[in-house]
Structure formats: C-alpha cells, structure tokens
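**Student:** Here you go, one structure.
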Amino acid sequence: MTSAPDIPYGEAMRLALAEAVAAGERGEVPVGAVVLDAAGEVLAAAGNDRESAADPTGHAEVLALRAAARSRGSWRLDGCTLVVTLEPCTMCAGAAVLARVDRIVYGAVDVKGGAVGSLWDVVRDRRLNHRPEVVMGVMAEECAAILTTFFATRRIR
C-alpha cells in the first residue's frame, strides 16, 4: 500500500470530490469516483445514487466502473485506475478486482467499512487472481471533511 497524497492523482480526486458534492446535494452520502484510462484520461465519473435509484449497488465506484466498461466496450478495465473519495467497501473493492483495474486510489479511510486495508483487505487477498496497486490518502482531509459535514447536518435534525 502506497501513501502518496496528491501525487499524481490530485486532478482526478478533485473531479471525484465534485461528484461527491453533487451526490450530497441530492441527499446521497457524498462519495464520488472516477475511472482513468492508462493515459490518465477520464473514462467515467459518478457519485453515489443509492437513495434516488433505490439500488443497494448504487455506490459511486460501481457506477463509475459500469460506465467505464460501457465506454471501453469491455468489462476488463486493465490499465485503468479507480479514484474514489472514500475507501471502497467490500462490494466496491470486489468489483474493482473483478474489473481488473490496475490501481485503486482513495482519499478518506473508512474504519467502519473499508475493504482496501482498514477493516478488511479484499484487494490483497492472495486467493484472488488479481491484486490492484493501492494508493491511499490522496486529499484525505478534503475527502473526509465532506463526509463529516454531511453527517453532522444529518445528526442535528
């Protein structure tokens, strides 16, 4: 696991943060994700959509991976990087492994449900046939702040 704040994924993380903010404005938990191709070009970006779509799989990562696969015309996303504002859960980490992404970059750590090193470490399970590189902590403070603010406003009500 590599910790490399802001380098070289700052621009992609800013896009993921914009997706997270938009999701929060729709009443979704503010998580955003971006998929980059091997050249660093954006293939897809998405924010959480579970509430509006009434879809338990409507996580930003899954939505971005689906859109990137459609863009490529293949479920295999080898050479791609998944950039996400919050450490992926077990479902999203599993989806990234199954999509064969080369790398997962995330901002905020999720000690309650993270599956890329915090609570679980799905992506480095040697029993699986693919193990993406992990870069953690990119713009972590900004990513965590959006979530903290979102949940603080929900507790006041």
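**Student:** Any idea which residue in the stretch 123-136 is most open to solvent (accessible area, probe 1.4 Å), counting only those that are assigned to a loop (DSSP other than H, G, I, E, B) and in contact (Cβ under 8 Å) with a residue 24 or more places away in the chain? Let's see the steps before the verdict.
**Tutor:** First pass over the stretch 123-136, keeping only residues assigned to a loop (DSSP other than H, G, I, E, B): 125-132.
From what's left, in contact (Cβ under 8 Å) with a residue 24 or more places away in the chain: 128, 130-132.
Details: Leu128: 67, His130: 36, Arg131: 105, Pro132: 6 Å².
Once the filter is applied, the top-ranked residue is Arg131.
**Student:** Something else about it: Out of Trp75, Trp120, I need the residue that is among the aromatic types (Phe, Trp, Tyr) and within 16 Å of the chain's Cα centre (by Cα). Which one? Let's see the steps before the verdict.
**Tutor:** Working: Trp75 fails: within 16 Å of the chain's Cα centre (by Cα).
Within the list Trp75, Trp120, the selection yields Trp120.
**Student:** Could you check, for the stretch 109-122, whether at least one of its residues is without any contact (Cβ under 8 Å) to a residue 24 or more places away in the chain and either hydroxyl-bearing (Ser, Thr, Tyr) or open to solvent by less than 40 Å² (accessible area, probe 1.4 Å) (or both)? Steps first, answer last, please.
**Tutor:** Of the residues in the stretch 109-122, the ones without any contact (Cβ under 8 Å) to a residue 24 or more places away in the chain are 111-112, 119, 121.
Next, from what is left, pick out any that are either hydroxyl-bearing (Ser, Thr, Tyr) or open to solvent by less than 40 Å² (accessible area, probe 1.4 Å) (or both): none.
No: the stretch 109-122 contains no residue that is without any contact (Cβ under 8 Å) to a residue 24 or more places away in the chain and either hydroxyl-bearing (Ser, Thr, Tyr) or open to solvent by less than 40 Å² (accessible area, probe 1.4 Å) (or both).
**Student:** Which residues, taken from the stretch 27-48, are outside any loop (DSSP other than H, G, I, E, B) and crowded, with 24+ Cβ neighbours inside 10 Å?
**Tutor:** Scanning the stretch 27-48 gives Gly32, Ala33, Val34, Val35, Leu36, Ala46, Gly47.
**Student:** Return the residues of the stretch 56-102 that are assigned to a strand (DSSP E or B), surrounded by fewer than 24 Cβ atoms within 10 Å (Cβ to Cβ) and in contact with a Gly (Cβ under 6 Å, 6 or more places away or on another chain); say none if nothing qualifies.
**Tutor:** None - no residue of the stretch 56-102 is assigned to a strand (DSSP E or B), surrounded by fewer than 24 Cβ atoms within 10 Å (Cβ to Cβ) and in contact with a Gly (Cβ under 6 Å, 6 or more places away or on another chain), so the list stays empty.
**Student:** Can you say whether Leu15 is at pLDDT 95 or above, within 14 Å of Gly107 (Cα to Cα) and part of a helix (DSSP H, G or I), as far as the supplied structure shows?
**Tutor:** Working: at pLDDT 95 or above: yes; within 14 Å of Gly107 (Cα to Cα): yes; part of a helix (DSSP H, G or I): yes.
Taking the combined requirement at face value, the residue satisfies it.
**Student:** Next question. Go through the stretch 137-157 and report how many residues are open to solvent by less than 50 Å² (accessible area, probe 1.4 Å) and touching a residue at least 40 places away in the same chain (Cβ under 8 Å).
**Tutor:** Qualifying residue count for the region: 8.
**Student:** Which members of the stretch 98-142 meet the condition of being under 19 Å from Gly79 (Cβ atoms) and acidic (Asp, Glu)?
**Tutor:** Of everything in the stretch 98-142, those that are under 19 Å from Gly79 (Cβ atoms) and acidic (Asp, Glu) turn out to be Asp102, Glu133.
The values are calculated or read from the model by the stated rules, or taken from the named source; none is laboratory data. Keep in mind it's a predicted model, so treat the numbers as computed, not measured. Quick reminder, even Gly has a Cβ in these numbers, built from the backbone with ideal geometry, and neighbours come from all protein chains shown. When the accessible area is computed, the model is the full protein with side chains, heavy atoms only, and any ligands, DNA or RNA have been set aside. Shrake-Rupley method; radii C 1.70, N 1.55, O 1.52, S 1.80 Å.
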